[in-house]
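The values are calculated or read from the model by the stated rules, or taken from the named source; none is laboratory data. Predicted model only: the values in this text are computed from it and were never measured. Methodologically, a virtual Cβ is constructed for each residue, glycine included, from the backbone with ideal geometry; neighbour enumeration extends over all protein chains shown. When the accessible area is computed, the model is the full protein with side chains, heavy atoms only, and any ligands, DNA or RNA have been set aside. Shrake-Rupley method; radii C 1.70, N 1.55, O 1.52, S 1.80 Å.
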Amino acid sequence: MKFRVFVALVTGAVLVGLAAPGTAMAAESVHVSLTEFNNSGARGTAVLTALDNGDLRVSIRSSRLVPDAPHAQHLHGSVEGMDFHCPVAAADTDGDGYISTEEGVPDYGDIFVSLTTAGDISRASGLAVDRMPVADQSGTLTYDRTIPAAELPAGTVAHLKDLHVVQHGIDANGNGKYDLSALGESTIAAAAGLAGIPQEATHPALCGMVAGASAGSVPVGGVATGDGSTRTDPGRLVTTLPAAMLILLLATLLITRRRKFVLPR
Amino acid sequence: MIRGLVAVVLLFTVAACANSGAPSSATPSFATPSFTTPSSATPSSVAAPSASGALTRGVLLPASPPTRLTIPALDVSVPVTDLGLAPDGTMEVPGDARTVGWFTGAPTPGSLGPAILAGHVDYGGSAGTFARLTDLDQGDPIRVTRTDGLVATFAVTKVARFPKARFPTGEVYGPIDHAGLRLITCGGAFDRDAGHYVDNVVVFATLQSGE
């Protein structure tokens, strides 16, 4: 066993030495299930695809969100191996019945990437509602953006499965819009120096949990893993030659034994 | 004398048939009638989310590219190279009979999702590393050593053969809720006009442990 580990390590080291740096990172799609949060009634899916060139393609489809309203959305978490997860009810530390963005952060981590529709994607754009996707009149949100590798924080692609998609914006009082009369002013926006933003707009509505993964790029058709070269005539000769020799042996035996039968007569 | 000759001819015929039908080291045993799709034991319905609320199941390792493939049941232990996509959109294949390739367009072996390894059934006059892939049975271990030093041990769940013309792209490359492995090679009849095998053989496996 020890020897095998040693061999494996040596092989690994040799291969690492041969491989060009930065190659062999898997291009894969991480499939995320967006689950309801703060009784938002919303649902959705997200697919994060690491492309061959290091870019990240983000596709989000959500429904039953607050219609005609912008929904701030981010990748939360870190690439430092933290065990982040979607918050449970216990995260509501102030006991008001809602898990605010601040209350969720210890569970799902700080903003890692702001999933804006254009421009900057850093944490600084976390509340840039003018660049966040807007749900249509039926509450359906569609988001597709490919973020160039150069704009992504280091380690994003390697740690896709450790990050959490969070979409914000709920309608607590059921009047079809974000308003101050429901839950008051957004504490996190106020802390960032933005006055007059309703708490409803920044409360989380959906949190993503990794549900599966697939190939990031799907090859066309089957795989050409064989040239039929062992199915040619030389191949057949190899297998039939021993048989032919066996037959010759049997034939010889047959003939010699016949003679034996003949002799006594 | 004539009777002896008939016996010899008869013997030869029988021997030749038996020979072409029997598995040789060079030809996979698809010709044997016993080959159907053994044990179509696809992982049954998705397990209920665990107490922690996880939507995935089983052991999951962080991403790390593979370096070596070991299949004890087939006496296979070979280095693994990288495979990308060819200009026509098909998967690249290894340049020799022995080497097995990891498709870099899919997850690394041991991490969540389907990891894809492809190898030749035959190439350049030699039997390929995956020549006897259909001999694998459900539960047989497959080990993949990775650059991070971990060895991911998978267990075979299904061995299947598909016409290339109707390759089940979704089943092989599509999303799964566990760390899976697919070994792909060729099989079935060899189409001399087209210069390729008609079918692909795919072994499906699920991660058991990583250490």
Qualifying aspartates and glutamates (Cα of each under 16 Å from Cα of residue A:161; at least 8 residues distant if same chain): A:28, A:55, A:80, A:83, A:107, A:110, B:177
Beta carbons within 10 angstrom, averaged per residue: use that to sort the peptides A:69-77, A:52-60, A:117-125, highest first. A:69-77, A:52-60, A:117-125
HN-Hα couplings for region A:59-65 via Karplus (6.51, -1.76, 1.60; θ = phi - 60°), in whole Hz with x for Gly/Pro, come out as 10, 10, 10, 10, 9, 6, 8
Excluding residues fewer than 8 positions from residue A:177 in its own chain, the aspartates and glutamates with Cα under 12 Å of it are A:68, A:200
For residue A:248, what accessible surface area do you get with a 1.4 Å probe? Give it in Å², rounded to 10. 120 Å²
Compute, for residue A:207, the solvent-accessible surface of its heavy atoms (probe 1.4 Å) with the complete set of protein chains present, and express it in square angstrom to the nearest 10. 0 Å²
Accessible area lost on pairing B with A, both sides, 1.4 Å probe, Å² to nearest 100? 4600 Å²
Expected output is a single nm value to one decimal: the length gained when fully extending between residue B:75 and residue B:193, i.e. 0.36 nm times separation in residues minus the C-alpha distance. What is it? 39.2 nm
Let's test the formula: R0 of 41 Å, r as the Cβ-Cβ distance of residue A:124 and residue B:148. What FRET efficiency results, to the nearest 0.05? 0.75
Can you tell me, using C-alpha contacts under 8 Å and at least 6 residues apart, the relative contact order of region B:61-210 as a whole percent? 24 percent
